[in-house]
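K.L.:
Have a look at this one before I ask anything.
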Number of protein chains: 6
Amino acid sequence: MAEQISWFPIADDADITPEVRALFEKMQEKLGFVPNVLKAYAWRPERLIKWRSHYDDLMTGSETLSATEREMIAVAVSMANGCLYCLTTHGAALRTRLGDPVLGDRITFDYRRAGLDPRQTAMLDYAVKVAKTPIACEQADVQALLELGFTPEDVWDIVEIAAMFNFTNRLVSATGMIPNAEYNAMGR
Amino acid sequence: MAEQISWFPIADDADITPEVRALFEKMQEKLGFVPNVLKAYAWRPERLIKWRSHYDDLMTGSETLSATEREMIAVAVSMANGCLYCLTTHGAALRTRLGDPVLGDRITFDYRRAGLDPRQTAMLDYAVKVAKTPIACEQADVQALLELGFTPEDVWDIVEIAAMFNFTNRLVSATGMIPNAEYNAMGR
Amino acid sequence: MAEQISWFPIADDADITPEVRALFEKMQEKLGFVPNVLKAYAWRPERLIKWRSHYDDLMTGSETLSATEREMIAVAVSMANGCLYCLTTHGAALRTRLGDPVLGDRITFDYRRAGLDPRQTAMLDYAVKVAKTPIACEQADVQALLELGFTPEDVWDIVEIAAMFNFTNRLVSATGMIPNAEYNAMGR
Amino acid sequence: MAEQISWFPIADDADITPEVRALFEKMQEKLGFVPNVLKAYAWRPERLIKWRSHYDDLMTGSETLSATEREMIAVAVSMANGCLYCLTTHGAALRTRLGDPVLGDRITFDYRRAGLDPRQTAMLDYAVKVAKTPIACEQADVQALLELGFTPEDVWDIVEIAAMFNFTNRLVSATGMIPNAEYNAMGR
Amino acid sequence: MAEQISWFPIADDADITPEVRALFEKMQEKLGFVPNVLKAYAWRPERLIKWRSHYDDLMTGSETLSATEREMIAVAVSMANGCLYCLTTHGAALRTRLGDPVLGDRITFDYRRAGLDPRQTAMLDYAVKVAKTPIACEQADVQALLELGFTPEDVWDIVEIAAMFNFTNRLVSATGMIPNAEYNAMGR
Amino acid sequence: MAEQISWFPIADDADITPEVRALFEKMQEKLGFVPNVLKAYAWRPERLIKWRSHYDDLMTGSETLSATEREMIAVAVSMANGCLYCLTTHGAALRTRLGDPVLGDRITFDYRRAGLDPRQTAMLDYAVKVAKTPIACEQADVQALLELGFTPEDVWDIVEIAAMFNFTNRLVSATGMIPNAEYNAMGR
């Protein structure tokens, strides 16, 4: 029997829309499997496509805020929220991007003890503040990041990615999604 | 001098993309003004359009979960997070939809003391649990909502809307957005 | 049927004591209605009169700490405690005193984003510290307020008003008091 | 040099008002010393007299809620808030009233491990709920206490005393009051 | 009937091992009674002996961190955890060692208001940080204590004692241990 | 340059005591390396030996509470405290003992979503309650575990192991210990 990956209905293969199927195929090719979040979200195909479009745009690296750094934000926020699904999947993505499983795991468990430089530490400190005490955020926090060399676009992206993982951590936790077993061995 | 509505750059009128301009015009027509979240987000036009597309889909009422109930979730989550921007704007939307400013304000401040029926109270209880302690969510919570008559799609939407306002509450709080003064008098 | 305004007995009109009746009449004249806190408290008339005597003294403005500023403390503490009754009633009082519903609502929801000057912000920061982490209060906090120009009497009053709303927020929340519907439209 | 008992001015003996002096003398006679809260509050004599009038009324025992039980509420709330002044002074009062220093100290530190009966335990459970999570209070909590034999007046008093110690804990903590050394040996 | 001092079996006198009996006799001689923690732990004699060996080593004073200061750490951590057993027993030990019951009680309830010097206050601040937010501990905290004159061994001991009382507070709280009535009068 | 594994002095090889050296050699043989906790603790050799003696006794499996289950308690408590060192090292130990890296990682991140049976879930629920809210522990919690088939010794061990990891999580976090890089690949 297949493992239960959601507390909600799973779309029958026949009901997968073309757009969602294309997404499945892209991930199958990239990872060798279809992530459970896609399988579990596929019964609401328009939502999945819209969320994914926003999410993909956010996680694409720029010259000044790399895709790897975006994954660092993902795991730091997911640890603040204790999210099994995202810690597993984005921990794997971070290890893979870093090419350093030890560093990836350390950032996942406690980025402040991972030996990061002051710039990346400050980036994650603000991301975690956004996650834990958003109304305590101040213009001075933004200013401090700008002074560390982040562009305004970078700082906005730090905020928007942190906010996004507060969406995804909650969506997967409150719908009972379980990560694919393939992730645990990735990037090791 | 115009009030500061964000800690980030505001797009010059000349730089507004056609898609964003269309959104501005739609809101100008509907509300009589352009919401500050759109003005403050417009310097990142692709993100704004993608987020908005997802958001609009989520907030559209269905036969079994009305647009008004979706606004109830918005304010309950925003109160859990203490978000000035969303309490002001979605408080206004809720008052308008209800046609009852007293009930709207009560739900905004403390939905548990607003005299709601058990179905709507349970809906908001789960939304607030999703906001505050997402990893404590259990399949039994979902089952309890189904037994109150919500469809699986409804319960998913309760979760996804609650998750969405954990995104928006954080995006607006950590970028310093201030709501338009017009909202405070709306729906009164 | 009249709305339930308390989980406790409501005094019959015949049982209202003269002192309480005088208080009712004073408020009827001032506001156009008798606040529910008085109706709900009237079954314990000696307590009501004694509490009210202390409370009225505290909320009376002085030259250096105005009645409006005392209402700011009321709403900041009530938001820290999430108190529907006091947010509704003192939000109304603050809007009325300010003659500015937008500013009043912003201070009520999040005084730190309302554009207040450093003196009033520091006043509310200490009031909220008194509410949330009283044993973390330090002599240095008092000294900092004195250096901002508050008199010793002002600082004491900030503390005593903050403490008082920790009393009233709890009394009304734990007895089930519901605010009069008239407040929501006041000061708009 | 006398110990500092407050971060605020202490009234000169010549400035003590007759009403406050009468209160000092009453306490001198009863306890053998003047409590520091009175000395520290005496520079604001009208406030002190008004607060004290309300407080004394609340702490007076009735047939169904004894003065000793009222002191139990005082220490349970003060432990929830960690208040040195009130733990010291009301711990002493409770030991004296009980004639049992061990039981008094146990209730002060952790009433749930003090061997109290279900009625007094439920009384203190509600008092601590009023202190810690007032907006979570429900009519069902009140009903449960009524079913244990408390009168409506008793339940109201449990709430009002719990609320009062949320006032006093904060007033003494945020003004730097230190309890008289005499209390520690009282009731032993 | 004897008071219940644990939720677990109490070793019969005949089953007390020689090592545990020696410990009982040592404490009987020192205190005049056998502490309940020993009676309640004696049914697992190897554990008791091993824990006690570690614990005794930790609590032995050195030239630069006295036994009295080690007891201060014990009560500060126990107050952070609200532990009836350890507040009672180590409060007694601290009063006895200080020869000052008032100071001992004040440190037990709130060391920050007990008039301690900056060195002892910093020592207890770090101990409480270790108890409440251990992952927020930083090398800068250790450095600050060294600069106040603590040796590296002292700082380590502050940490290890703080950690130990996080063990003992939890062991006694989760097994239902109740302190001997003799402690309450000790050191007065 | 060797990685910094502690904020405290590291014992020179010449200063390692024979008992500690024996411990190093035992672990070298078992794991292929000496755990950093031992290297970092070795400058206080008596303490290390005494703690280790207690710890080893606790982690040894019995017929009714296996060594694997003891490691489950270790990771559940360490996740509650967010401890990088213990999550890394005991996560590795749990994966190895289970022979199932996916299950081991899931229990480490969120045991409640790992598909454990009611007996092991209840065991970890109590361990986490001991970690997070020890004074809320009740005799009824102990009774419930006995009714699930745990012996009194098992329940005591669940408590004592949970308490022990509240010691170790704090010792390693507040002294700056960093886990050996070898752990991350273990048990995969």
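The values are calculated or read from the model by the stated rules, or taken from the named source; none is laboratory data. Everything numeric in this text was worked out from a predicted model, so none of it was measured. Please note: Cβ atoms are built from the backbone with ideal geometry, for glycine as well, and neighbour counts cover all protein chains shown. The protein model used for the area step is the full one, side chains on, heavy atoms only, and it has no ligands, DNA or RNA in it. Shrake-Rupley method; radii C 1.70, N 1.55, O 1.52, S 1.80 Å.
K.L.:
Determine the shielding of peptide F:37-48 by partner chains: average, over its residues, the number of Cβ atoms on other chains within 10 angstrom of each Cβ. Don't skip to the answer; put the middle values down first.
P.N.:
Details: counts 0, 0, 0, 0, 2, 0, 3, 6, 0, 3, 6, 1.
Across F:37-48, the average partner-chain Cβ count within 10 Å equals 2.
K.L.:
Now for a different question. Where Rh is the Kirkwood radius over the Cα pairs of the range C:99-164, the temperature 20 °C and the viscosity 1.002 mPa s, what D in µm²/s does Stokes-Einstein return?
P.N.:
Details: Rh = 12.5 Å.
For the chosen part, D equals 172 µm²/s.
K.L.:
Then there's this: Could you name the lysines whose alpha carbon sits less than 29 Å from that of D:K39, not counting residues in the same chain fewer than 8 places away?
P.N.:
Hits, sequence-local ones excluded: C:K50, C:K129, C:K132, D:K26, D:K30, D:K50.
K.L.:
Over the range C:66-181, what percent of the accessible surface lies on carbon and sulfur atoms, probe 1.4 Å? It would help to have the intermediate numbers written out before the result.
P.N.:
Numbers: 1650 of 3060 Å².
Carbon plus sulfur share of accessible area: 54 percent.
K.L.:
Determine the equivalent ellipsoid of the protein assembly as shown by diagonalising the alpha-carbon gyration tensor, then write out the semi-axes as square roots of 5 times the eigenvalues, largest first, rounded to whole Å.
P.N.:
44, 44, 27
K.L.:
Could you give the nm distance between label points at D:D57 and A:E25, where each point is 7 Å from its Cα heading toward the beta carbon?
P.N.:
Calculated label separation equals 7.9 nm.
K.L.:
At a probe of 1.4 Å, how much accessible area disappears from chains E and F on forming the pair, both sides counted, to the nearest 100 Å²?
P.N.:
Result for this pair: about 4200 Å² buried.
K.L.:
Can you give me the three principal axis dimensions of the range A:1-129 from its C-alpha atoms, in Å, biggest first?
P.N.:
Per principal axis, max minus min of the Cα coordinates gives 50, 34, 27 Å.
K.L.:
Take peptide D:129-135, look around each residue's Cβ out to 10 angstrom, count Cβ atoms belonging to other protein chains, and average those counts. Mind showing how you got there, number by number?
P.N.:
Details: counts 2, 5, 3, 1, 4, 10, 12.
Taking all residues of D:129-135 together, the mean is 5.
K.L.:
Which helices pass in chain D if a helix is a full DSSP H run, must span at least 27 angstrom along its long axis by Cα, and must have mean Kyte-Doolittle hydropathy not below 1.6? Show your work: numbers first, answer last.
P.N.:
Working: long enough: D:152-175 (35 Å, 0.34).
Membrane-span-like by this criterion, though nothing is claimed about a membrane: none.
K.L.:
Suppose every Lys and Arg Cβ carries +1 and every Asp and Glu Cβ carries -1, with no other charges. What dipole size does chain B come out with about its Cα centre, to the nearest 20 debye?
P.N.:
Numbers: 19 positive and 26 negative charges, 100 e Å.
I would put it at about 480 debye.
K.L.:
Name the residues of the range F:79-119 whose accessible area, probed at 1.4 Å, falls by at least 40 Å² once all protein chains are in place instead of their chain on its own?
P.N.:
Buried by the other chains: F:M79, F:G82, F:L84, F:V102, F:R106, F:F109, F:D110, F:R113.
K.L.:
Then there's this: Report the relative contact order of the range D:32-188, percent, no decimals, based on alpha-carbon pairs under 8 angstrom and at least 6 residues apart.
P.N.:
That works out to 35 percent.
K.L.:
Determine the shielding of peptide E:172-185 by partner chains: average, over its residues, the number of Cβ atoms on other chains within 10 angstrom of each Cβ. Working shown, then result.
P.N.:
Numbers: counts 4, 10, 19, 9, 6, 1, 4, 5, 1, 6, 1, 2, 9, 4.
Per residue, the average neighbour count from other chains is 6.
K.L.:
So with the 1.4 Å probe, I'd like the accessible area per residue for the range A:73-187, rounded to whole Å². Intermediate values should be presented prior to the final figure.
P.N.:
Numbers: 3190 Å² over 115 residues.
Heavy-atom accessible area per residue stands at 28 Å².
K.L.:
While we're on this one: Per 10 Å bin from zero, what fraction in whole % of the C-alpha pairs of the range B:1-70 is there, up to the bin with the longest pair?
P.N.:
18, 45, 28, 8, 1
K.L.:
How long are the semi-axes of the equivalent ellipsoid of the range A:50-188, taking √(5λ) for every eigenvalue λ of the Cα gyration tensor, in whole Å from largest down? Please report the intermediate quantities before stating the final value.
P.N.:
Numbers: eigenvalues 103, 60, 39 Å².
Equivalent-ellipsoid dimensions as semi-axes: 23, 17, 14 Å.
K.L.:
Right, here's the next one. Which residue, chosen from A:I161, A:L146, A:I5, occupies the Cα position most advanced towards the positive end of the dipole of chain A, where the dipole is computed from +1 (Lys, Arg) and -1 (Asp, Glu) charges on Cβ about the Cα centre?
P.N.:
A:I5
K.L.:
Which FRET efficiency, nearest 0.05, do C:Q4 and C:L146 yield, Cβ-Cβ r, R0 45 Å? Spell out each step's value before the answer.
P.N.:
On the way: r = 46 Å, r/R0 = 1.03.
That gives a FRET efficiency of 0.45.
K.L.:
Let me ask something additional. For chain D, can you list the cysteines whose C-beta has no other cysteine C-beta under 4.7 Å from it?
P.N.:
Result for chain D is D:C137, no neighbouring Cys Cβ within the cutoff.
K.L.:
With charges only on Cβ, +1 for K and R and -1 for D and E, what is the dipole size of the protein assembly as shown about its Cα centre, in debye, rounded to 20?
P.N.:
Values: 114 positive and 156 negative charges, 1 e Å.
That gives the protein assembly as shown a dipole magnitude of about 0 debye.
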